[in-house]
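All remarks here apply to the structure that follows.
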Amino acid sequence: MARINLLPWREELRQQRQKNFLIALGITVAIAVALIFLRDMMLNSAIENQRGRSQFIQTEISTLDGKIKEINELKEKKEELLARMEVIQSLQGNRPVIVRMFDELVRVLPDGVYFTSLSMTGRTINVQGVSESNNRISKLMRQLDESNWFDNPNLTAVKALKEGGGSGFDLTFQQVTPSLDDSKENGA
């Protein structure tokens, strides 16, 4: 039998395969590094894009916060103005009532009775005055009770005066606003 030495050929084939493997491995590593680099660039680009969008959103949020603060200030000003308008309207609405109340006070005041002091807290009216006699104070209380504009007269004090023989008195009563039917009946 003939002996053929195939080892160098196999050795060359093994070296060629190893060389091809290393080339393929190098190309694969290069492609993997390129893909990793591209993916890193894409992720960094996406992160920067998201940061830009987040910054835009933060800017818009701060702008809207400023507008919300301005709107709240405008609402407060609006409420203040509405409160002022309501006060003005109530004063305008009460002006005829006050005039009518003073007119009614003159109507119920009998001769010989004089008011020296008049004060009003809420709807309670406190009157101090002088009368020629106690009968005239009683007549004043009856007329206050009969009036549609006043209610609950309450005599709190009566004092005899030294000079002239009259009486000083303190009287409280409530101011009421009559209904329209009552006002029309009394010729108001």
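The values are calculated or read from the model by the stated rules, or taken from the named source; none is laboratory data. Quantities reported herein were computed from a predicted structural model and do not represent experimental measurements. Neighbour counts are summed over all protein chains in view; Cβ atoms, including those assigned to glycine, are modelled from backbone coordinates with ideal geometry.
Return the residue satisfying two criteria in turn: it lies in the range 163-188 and is surrounded by 16 or more Cβ atoms within 10 Å (Cβ to Cβ) and farther than 15 Å from residue 108 by Cα, and of such residues it is modelled with the lowest pLDDT. Explain how you work it out, then say what you get.
First, the residues of the range 163-188 that are surrounded by 16 or more Cβ atoms within 10 Å (Cβ to Cβ): 166-167, 169, 171, 173, 175, 178.
The next check asks that each one be farther than 15 Å from residue 108 by Cα; those that pass are 166-167, 169, 178.
Numbers: 166: 82, 167: 84, 169: 89, 178: 75.
The selected residue is 178.
Taken over the range 133-162, residues that are among the charged types (D, E, K, R), modelled with pLDDT of 85 or more and farther than 13 Å from residue 113 by Cα amount to 5. Could you go through the range 116-127 and let me know if any residue there is over 15 Å from residue 171 (Cβ atoms), out of contact with any strand residue (DSSP E or B) (no Cβ under 7 Å at 6 or more places or on another chain) and in contact (Cβ under 8 Å) with a residue 60 or more places away in the chain. Within the range 116-127 (the criterion being over 15 Å from residue 171 (Cβ atoms), out of contact with any strand residue (DSSP E or B) (no Cβ under 7 Å at 6 or more places or on another chain) and in contact (Cβ under 8 Å) with a residue 60 or more places away in the chain), the answer is no, since none of the residues qualifies.
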